[in-house]
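The values are calculated or read from the model by the stated rules, or taken from the named source; none is laboratory data. Everything quoted here is computed from the prediction, not taken from an experiment. Don't worry about glycine lacking a Cβ; one is built from the backbone with ideal geometry, like all the others, and counts go over all protein chains shown.
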Amino acid sequence: MASTGRARVRAPELVGRGGWLNTGDNSPTLAELRGRFVLLDFWTFCCINCLHVLDELRPLEERYGDVLTVVGVHSPKFVHEADHEAVVAAVERYGVHHPVLDDPELTTWQNYAVRAWPTLTLVDPEGYIAAQFSGEGHAHALTAILDELIPVHEAKGTLRRGDGPYVPPEPEPTTLRFPGKAIALPGGTFLVSDSGNHSLVELADDLETVVRRIGTGERGLADGGPGEARFNEPQGLTLLPLELRPHVGYDVVVADSVNHVLRGVRLADGHVTTVAGTGTPWMQGDPNGDDVSGDPRAIPMSSPWDVVWSPELLTVVVAMAGIHQLWAFDPNEPSIRLLAGTTNEGLVDGKLRDAWFAQTSGLTVTADRTLWLADSETSALRAIRDGVVETAVGTGLFDFGFRDGPAGQALLQHPLGVTALPDGSVAISDTYNNAVRRYDPATGAVSTLATGLREPSGAVVDGQHLVVVESGAHRLTRIPLGAAATASGSAHRTQRPALDIAPGEVELVVVFEPPPGQKLDERYGPATRLTVSSTPAPLLADGAGRDTALTRRLTIAADVAGAGVLHVAAMAASCDDGGENAACHIHQQDWGIPVRLAEGGTSRIELVLSG
């Protein structure tokens, strides 16, 4: 941090084989940016927490635009994310209005010793690292540091005010822009979440003719008629049962992802109402779904990505992608509660409250009332039956690919959608493989229905066809349910390099320092928390579990061959210096660290929550 008196470290140059976006034909260097603060945002477009940070940075960019340049360093997890055109599309999709360095080989990531998505590194006007943060929720800390350092550099004469190097690209007009999900309406039309245009669109049976648009097309959170309502990157849609609609006053529930709310839409006139969520993201320390009674609009949510009506539970199941949980919204009472998940990110089966999920992005219910879900970050297809979570396809956070066959060997790549098929099987929108796959519970096998699609993110059955939302192609496409294609048979692990660690004792240290003008919030006990586990579990012979200290002695089992993943979750609470009514803040981050056992490997792991 700026006020610690540490030795100053020169920021490494920005290098990436993929080149620059949002800079015209220029390739800016740190030397050329000297005199401005530069905030490096290490992100990847699959990561929901990275998308949260993009929203957190928007007010900072506006407030400090004459002295601060935000630079996104795109550091891919999945193979698809290393494709330059996919990065170009993602920069537009998520409204990134600052320069982006495409770093497909993680060169700059490694030069800055980054270990997690997202990570923020602040470089001062003289080219030295001033602060680093992992995770989300650090806008207030960055504000405090900038407010402290701007006068310092102004007095030294090292601050240069003016415009940054951002050059906006030319927009490409299309009817739909990065659509997310679709449902069939009773009259034979389709309702589509037009995520990039921040609205809903009803399309005719030809999948092209616009019947009507609901929403102004501008980012925002506003209720009202179709010409007044505002959305912010809406995603999942579900029709409520007929008998429920007159009572609640709306027909469709919408997961309004970036607004962190659920919306109700009345089809008769297109009126939109907010039915759950506060419009602010859920953070550690906020009440969970079980801790709320009364109005569901009183509890924050976190990037609800999909919704589906469950006839088994008589509730709307919500994929709460931002905190790796499933919630249950009952529009009848109305009420909201936690259904499954711990907020830990990973692939752990078992009872609902013990299971771990990983950015659940697709939901469907088959005729036998099984709830199926797509866990995008673990490239997994999972099912909930009789209160138990089971994994059908997928092995963990860092394994993915494109392979058909028995479910135990099949591979997906960041699927965002699942669709119940008439024969009891499930169609998987295998987004980063640009394909639609099929899982048959009867045979336990995965096959491929279609390839050559562009980032399919959802689908809906239409007679003998599947209507696929091709998000990257800005359109809906029909494919026959009986179609078949051949999978390429590839298998991958994340490009992120594994950390070599020594068997035996390893010291884990999470660095946290309160931002300027803040102190640890110890009013109600310890202000920090550290939770550690591993995959496979035997990798950690000792040191797993939860405690309040941010330093932990781990014992790495010498008899566990090969590699694994250390799961580390840290939280710290701080308050502004200012008496009883001072504002308080939660700092949090989850790390999934791929590790490899090696003689001579490190015996100390240092992770930066803020510092």
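Assorted remarks:
- Test for Val258: is it touching a helix residue (DSSP H, G or I) at 6+ places or on another chain (Cβ under 9 Å), outside any strand (DSSP E or B) and touching a residue at least 40 places away in the same chain (Cβ under 8 Å): yes
- In the stretch 462-485, residue surrounded by the most Cβ atoms within 10 Å (Cβ to Cβ) [restricted to those that are in contact (Cβ under 8 Å) with a residue 40 or more places away in the chain and among the polar types (S, T, N, Q)]: Ser471
- With respect to the conditions (1) modelled with pLDDT of 80 or more; (2) part of a loop (DSSP other than H, G, I, E, B); (3) not aliphatic (A, V, I, L, M), Gln495 falls short on a single one, namely (1).
- Qualifying residue in the stretch 78-85 (condition: under 16 Å from Phe133 (Cα atoms) and buried (at least 19 other Cβ atoms within 10 Å of the Cβ)): no
- Checked against the criterion of being touching a Pro at 6+ places or on another chain (Cβ under 6 Å) and loosely packed, with under 14 Cβ neighbours inside 10 Å, the stretch 567-587 contains not a single residue that satisfies it.
- Taking (1) modelled with pLDDT of 95 or more; (2) of a type outside the set (S, T, N, Q); (3) in contact with a helix residue (DSSP H, G or I) (Cβ under 6 Å, 6 or more places away or on another chain) in turn, Pro334 satisfies each apart from (1).
- Residues (of a type in the set (S, T, N, Q) and surrounded by fewer than 22 Cβ atoms within 10 Å (Cβ to Cβ)) located in the stretch 133-162: Thr143, Thr158
- Restricting Leu57, Leu39, Leu33, Leu21 to residues that are in contact (Cβ under 8 Å) with a residue 12 or more places away in the chain, more than 25 Å from the chain's Cα centre (by Cα) and not assigned by TED's automatic domain parsing to the domain that holds Ala374 narrows the list to Leu33.
- Counting only residues that are touching a Ser or Thr at 6+ places or on another chain (Cβ under 8 Å), of a type in the set (A, V, I, L, M, F, W, C) and either in a loop (DSSP other than H, G, I, E, B) or exposed (fewer than 13 other Cβ atoms within 10 Å of the Cβ) (or both), the stretch 8-26 holds 3 of them.
- Leu101 vs. criteria closer than 29 Å to Ala380 by Cα and assigned by TED's automatic domain parsing to the domain that holds Gly16: no
- Residues in the stretch 90-137 that are among the hydroxyl-bearing types (Ser, Thr, Tyr) and either free of Cβ contacts under 8 Å to residues at least 40 places away in the same chain or touching a helix residue (DSSP H, G or I) at 6+ places or on another chain (Cβ under 9 Å) (or both): Tyr94, Thr119.
- Looking only at the stretch 101-133, residues that are assigned to a strand (DSSP E or B) and touching a Phe, Trp or Tyr at 6+ places or on another chain (Cβ under 9 Å) come to 10 in all.
- For the stretch 422-440, a residue qualifies if it is touching a residue at least 60 places away in the same chain (Cβ under 8 Å) and either in the same structural domain as Phe45 (by TED's automatic domain parsing) or over 21 Å from Ser193 (Cα atoms) (or both), and the qualifying residues are Val426, Asn433.
- Filter pass, Trp309 being within 26 Å of Ile214 (Cβ to Cβ), in contact with a Ser or Thr (Cβ under 7 Å, 6 or more places away or on another chain) and surrounded by fewer than 23 Cβ atoms within 10 Å (Cβ to Cβ): yes
- Annotation: Leu381 fulfils all but one of (1) buried (at least 18 other Cβ atoms within 10 Å of the Cβ); (2) out of contact with any strand residue (DSSP E or B) (no Cβ under 8 Å at 6 or more places or on another chain); the unmet one is (2).
- Of the residues making up the stretch 500-521, those that are crowded, with 16+ Cβ neighbours inside 10 Å and either more than 18 Å from Leu550 (Cβ to Cβ) or not assigned by TED's automatic domain parsing to the domain that holds Val568 (or both) are Ile501, Ala502, Pro503, Pro516, Gly517.
- Scanning the stretch 541-570 for residues that are more than 19 Å from Ala116 (Cβ to Cβ) and in contact (Cβ under 8 Å) with a residue 24 or more places away in the chain yields Gly543, Arg553, Thr555, Ile556, Ala557, Ala558, Val560, Ala561, Gly562.
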